[in-house]
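Read the structure below first, then the notes.
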Amino acid sequence: MSSAVVNERPKMGKFGRFMRAIEPAVLVALPIVMLICAWLHVPNAALITSACAIVALVPFFASFEAERRRARDIMPIIVMTALTVAGRLIFAPVPAIKPVTALIIITGLCFGRDEGFITGALAMLVSNIFFGQGPWTPWQMFTMGLIGYLAGVLGSHGLLKHRWSIGLFGFLMVFLYGFILDTWTIVGFVSNANAASVFTTYAAGFANNLAGAIGTVVFLIPIAISWPRMFNRIKSKYQIGPAA
Amino acid sequence: MAKGLFATYHPAVCMLFFLTAICFTFCTQHPVYVALTCIMAGAYLVYLRGVRPFLRSLGMFIPMVLFVGILNSLFNSAGATSLWKWGPFSVTVEGMCYGLAVGGMLAAILLWFSCYNEVMTEDKFTYLFGRKLPTISLMVSMISRWIPRMVSRGHSVYDSQEALIGGYDQTKSGKMKRGLRMATVLTGLGMEDSVQTADSMCARGYGATSRTSYARFKWHTRERIVLGLLIVLLVVNVVLLVTGTGSFKFYPRVSAIVPLWGYLTYALMLGLPFLVELERFKR
């Protein structure tokens with residue numbers, strides 16, 4: 001396989017293309033599966049939903065592997081993930097406010113949806129080596145990946161061009177993250193959930209989410225325009241990404 | 001290297017054990033099962049880390065465990081023995097027992113994951129999954145290398161920025177501006193550095209063939225014995241769980257706990273890290 005060494009990316013096989021094709025369906029399906037688990041009062045929902053989240057990660061990692069990328073095409077993901085993890089570690093003493101979401105959004109925006117997903121998922125996997133792996137790891141990986149993926153999708157449609165639209169997107173994404181993780185807590189660990197317990201769980205997370213969302217906007221606004229410009233320069237200078 | 005003989009076993013055995021322990025813990029809220037898994041996980045973590053670090057990590061879990069336990073006991077109107085009622089809140093004895101069981105279950109899961117973190121180090125994880133996910137596992141280990149590299153690069157960027165332009169603007173906005181500039185420089189520098197790394201990897205033949213790996217772990221007789229034992233215990237416990245040893249009714253009234261032999265097999269399975277220590281007596 002000398003083609004991986006030279007300057008063009010080998011074509012993906014059938015399996016990889018299939019995996020890539022079902023990615024959007026998986027993103028929609030997983031939250032629905034979780035809600036169905038809640039609706040039907042499935043026993044052992046915590047285990048089942050965590051297993052589902054692991055399954056949902058498969059198409060993304062499988063299609064990524066099937067691409068057989070050149071070394072320099074995996075580098076932006078490594079650098080951005082390392083930066084994100086370092087950011088999460090540096091800001092660990094400060095409650096709620098983390099640069100994680102901001103950096104994942106910028107990655108998805110500049111390098112594309114798949115890079116966004118993989119960076120988000122790996123950032124949570126690696127940072128949990130320091131913060132502690134747990135049953136939440138697959139869901140954190142999935143949700144952070146989803147945020148990067150969405151940023152990539154919206155970016156490729158030209159919707160995230162302005163400082164403020166990117167900031168607003170980041171603000172909403174932190175709430176999406178909190179919402180999905182809180183819902184998973186309810187589905188997995190609260191039996192006979194009723195309006196009161198659901199409300200309490202969301203309310204307990206609200207202050208945290210709000211602080212996180214404001215923090216993300218503060219991190220995003222200054223870098224929203226300058227970093228994509230810097231990354232585009234590096235991308236064209238070193239021919240990173242799919243060969244044009 | 002984690003303490004104890006069990007950590008020296010083949011990663012596949014360790015992985016299967018932790019998967020088993022965590023899945024079983026997830027699966028039942030039977031008070032005896034919950035108590036057993038809590039004790040075993042706690043004992044193993046104490047053995048791995050020592051008492052003081054164990055208490056420290058326990059302190060980190062307690063808020064989450066309490067939250068889930070209280071949530072389950074406060075808003076549960078399914079129980080028969082009501083203690084207190086106010087609007088949507090109703091506290092029943094059964095609800096509190098259930099909250100206690102779920103809290104204990106969560107605590108046990110967290111304890112098992114802590115043990116997993118001690119035993120299943122990154123190299124073992126890479127060894128297990130490196131063949132299936134060559135790019136991803138390579139990336140995970142490269143990321144772990146890049147985090148300290150980023151931090152040390154950050155220090156040198158900070159120093160040179162201070163030497164060139166620092167010290168003038170000590171206001172908050174000035175500091176933030178410098179922080180932002182530092183992050184930008186660090187990211188750009190990291191990206192350009194990484195391309196060098198990539199070129200170096202290419203020059204050494206990255207992607208030329210499929211990934212090879214140096215295997216430190218081998219299957220010995222002891223691995224086969226322990227794996228066999230684990231599988232037997234696993235099957236027995238699954239059968240017991242499905243046939244009803246692990247089921248327990250909290251509502252409308254808490255059912256009685258009867259002593260069963262099944263609990264012993266569960267304890268044996270979760271105590272596997274201690275069982276393998278018996279090997280020491282053979283010598």
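The values are calculated or read from the model by the stated rules, or taken from the named source; none is laboratory data. These numbers were taken from a predicted model, which means no experiment stands behind them. Methodologically, a virtual Cβ is constructed for each residue, glycine included, from the backbone with ideal geometry; neighbour enumeration extends over all protein chains shown. To get the accessible areas, we keep the full protein, side chains included, count just its heavy atoms, and leave off ligands, DNA and RNA. Shrake-Rupley method; radii C 1.70, N 1.55, O 1.52, S 1.80 Å.
Look through A:Ser236, A:Ser226, A:Ser165, A:Ser197 and report the one residue that is part of a helix (DSSP H, G or I), without any contact (Cβ under 8 Å) to a residue 12 or more places away in the chain and open to solvent by less than 20 Å² (accessible area, probe 1.4 Å).
A:Ser197
Having 1 or more residues that are surrounded by 23 or more Cβ atoms within 10 Å (Cβ to Cβ) and modelled with pLDDT under 85 is the bar; report the helices (runs of 4 or more DSSP H) wholly within the range B:15-133 that clear it.
It comes to B:51-74, B:93-119.
Somewhere in the range A:146-156, is a residue surrounded by fewer than 22 Cβ atoms within 10 Å (Cβ to Cβ) and outside any helix (DSSP H, G or I)?
Scanning the range A:146-156 turns up no residue that is surrounded by fewer than 22 Cβ atoms within 10 Å (Cβ to Cβ) and outside any helix (DSSP H, G or I).
Can you pull out every residue in the range B:1-14 that is part of a loop (DSSP other than H, G, I, E, B) and over 15 Å from the mean Cα position of the chain (by Cα)?
Correct list: B:Met1, B:Lys3, B:Gly4, B:Leu5, B:Tyr9, B:His10.
Among the residues of the range A:204-221, write down those that are of a type outside the set (Val, Ile, Thr), open to solvent by 50 Å² or more (accessible area, probe 1.4 Å) and within 12 Å of chain B (Cβ to nearest Cβ).
Once the filter is applied, which keeps residues that are of a type outside the set (Val, Ile, Thr), open to solvent by 50 Å² or more (accessible area, probe 1.4 Å) and within 12 Å of chain B (Cβ to nearest Cβ), the range A:204-221 yields A:Ala204, A:Phe219.
Kindly indicate whether A:Gly188 is under 30 Å from A:Pro43 (Cβ atoms) and not hydroxyl-bearing (Ser, Thr, Tyr).
So A:Gly188 fits the description; yes.
Could you grab me the full set of residues in the range B:178-196 that are within 8 Å of another protein chain (Cβ to nearest Cβ), open to solvent by 40 Å² or more (accessible area, probe 1.4 Å) and under 15 Å from A:Pro76 (Cα atoms)?
Hit for the range B:178-196 is B:Glu192, nothing else.
Go over the candidates A:Ile240, A:Ile186, A:Ile234 one by one and state the one that is of a type in the set (A, V, I, L, M), facing another protein chain (nearest Cβ under 9 Å) and in contact with a Lys or Arg (Cβ under 9 Å, 6 or more places away or on another chain).
On inspection, the qualifying residue turns out to be A:Ile240.
Which of the residues that make up the range A:173-194 are β-branched (Val, Ile, Thr) and either part of a helix (DSSP H, G or I) or open to solvent by 40 Å² or more (accessible area, probe 1.4 Å) (or both)?
Across the range A:173-194, the qualifying residues are A:Val174, A:Ile180, A:Thr183, A:Thr185, A:Ile186, A:Val187.
For A:Val174, only one of the following conditions fails: (1) within 9 Å of chain B (Cβ to nearest Cβ); (2) touching a residue at least 60 places away in the same chain (Cβ under 8 Å). What is its number?
Evaluating A:Val174 over (1) within 9 Å of chain B (Cβ to nearest Cβ); (2) touching a residue at least 60 places away in the same chain (Cβ under 8 Å) leaves (1) as the failure.
Open to solvent by 70 Å² or more (accessible area, probe 1.4 Å) and closer than 23 Å to A:Ile234 by Cα - does that describe any residue in the range B:156-167?
Taking every residue of the range B:156-167 in turn, at least one turns out to be open to solvent by 70 Å² or more (accessible area, probe 1.4 Å) and closer than 23 Å to A:Ile234 by Cα.
Restricting the first residue to the range A:80-97 and requiring it to be more than 10 Å from every other protein chain (Cβ to nearest Cβ), which pairs with a second residue that is aromatic (Phe, Trp, Tyr) and assigned to a loop (DSSP other than H, G, I, E, B) meet a Cβ separation below 7 Å and a spacing of at least six or different chains?
Qualifying pairs under 7 Å: A:Ile97/A:Phe91.
State whether the residues of the range A:123-131 include one that is under 23 Å from B:Tyr116 (Cβ atoms), within 8 Å of another protein chain (Cβ to nearest Cβ) and outside any helix (DSSP H, G or I).
Within the range A:123-131, none of the residues are under 23 Å from B:Tyr116 (Cβ atoms), within 8 Å of another protein chain (Cβ to nearest Cβ) and outside any helix (DSSP H, G or I).
Of all residues in the range B:224-266, count the ones that are modelled with pLDDT under 90 and either in a loop (DSSP other than H, G, I, E, B) or under 23 Å from B:Lys282 (Cβ atoms) (or both).
Qualifying residue count for the region: 18.
What is the number of the single condition among (1) within 14 Å of chain B (Cβ to nearest Cβ); (2) open to solvent by 20 Å² or more (accessible area, probe 1.4 Å) that A:Pro135 does not meet?
Answer for A:Pro135: the failing condition is (2).
Could you please find all residues in the range A:38-47 being under 20 Å from B:Val242 (Cα atoms) and assigned to a helix (DSSP H, G or I)?
A:Ala45, A:Ala46, A:Leu47
What pairs come up if the first residue lies in the range B:197-218 and is more than 14 Å from chain A (Cβ to nearest Cβ), the second is surrounded by 12 or more Cβ atoms within 10 Å (Cβ to Cβ) and part of a loop (DSSP other than H, G, I, E, B), and their beta carbons are under 8 Å apart, counting only those six or more places apart or on different chains?
Note: pairs meeting the criteria are B:Ser213/B:Gly130; B:Ser213/B:Arg131; B:Phe217/B:His10; B:Lys218/B:His10.
Scan the range A:92-104 and tell me whether some residue there is open to solvent by 10 Å² or more (accessible area, probe 1.4 Å), more than 20 Å from A:Val218 (Cα to Cα), β-branched (Val, Ile, Thr) and modelled with pLDDT under 90.
No: the range A:92-104 contains no residue that is open to solvent by 10 Å² or more (accessible area, probe 1.4 Å), more than 20 Å from A:Val218 (Cα to Cα), β-branched (Val, Ile, Thr) and modelled with pLDDT under 90.
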